[in-house]
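The values are calculated or read from the model by the stated rules, or taken from the named source; none is laboratory data. Because the structure is predicted, anything quoted here is derived from the model rather than measured. Note that each Cβ is placed from the backbone with ideal geometry, even for glycine, and that neighbours are counted across all protein chains shown.
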Amino acid sequence: MIKLEEQAEERALQPSDIKNPICPFCSKEIRKIYMHEVKSYLGRCYFYYCSECLKVLGLSHRKGFWMG
Ligand SMILES: [Zn+2]
């Protein structure tokens, strides 16, 4: 049992298994994605941006609670 656990741990730590997404703007690995909240009239909007170049990767809308 202990042997199996050790093997699983080693496999999880292999660098080739770690793949981060690449920023389309600066072509660097994205290790952190920052989030910025913007409050608007109809609800909230969230920007997600690269921690390296601060360019916006995407955004999501959250409509008001009455919209579900
Ligand atoms: Zn970037």
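The set of residues in region 25-62 that are in a strand (DSSP E or B), within 16 Å of the ligand (Cβ to nearest atom), among the β-branched types (Val, Ile, Thr) and modelled with pLDDT under 90 contains only Ile33.
Just so you know, in region 1-24 the residues that are part of a helix (DSSP H, G or I) and of a type outside the set (D, E, K, R) include one that is modelled with the highest pLDDT, and it is Ser16.
Report yes if Gly68 is loosely packed, with under 10 Cβ neighbours inside 10 Å, modelled with pLDDT of 90 or more and more than 11 Å from the ligand (Cβ to nearest atom), otherwise no. Quick ask: steps written out before the conclusion?
Details: loosely packed, with under 10 Cβ neighbours inside 10 Å: yes; modelled with pLDDT of 90 or more: no; more than 11 Å from the ligand (Cβ to nearest atom): yes.
No: the conditions fail for Gly68.
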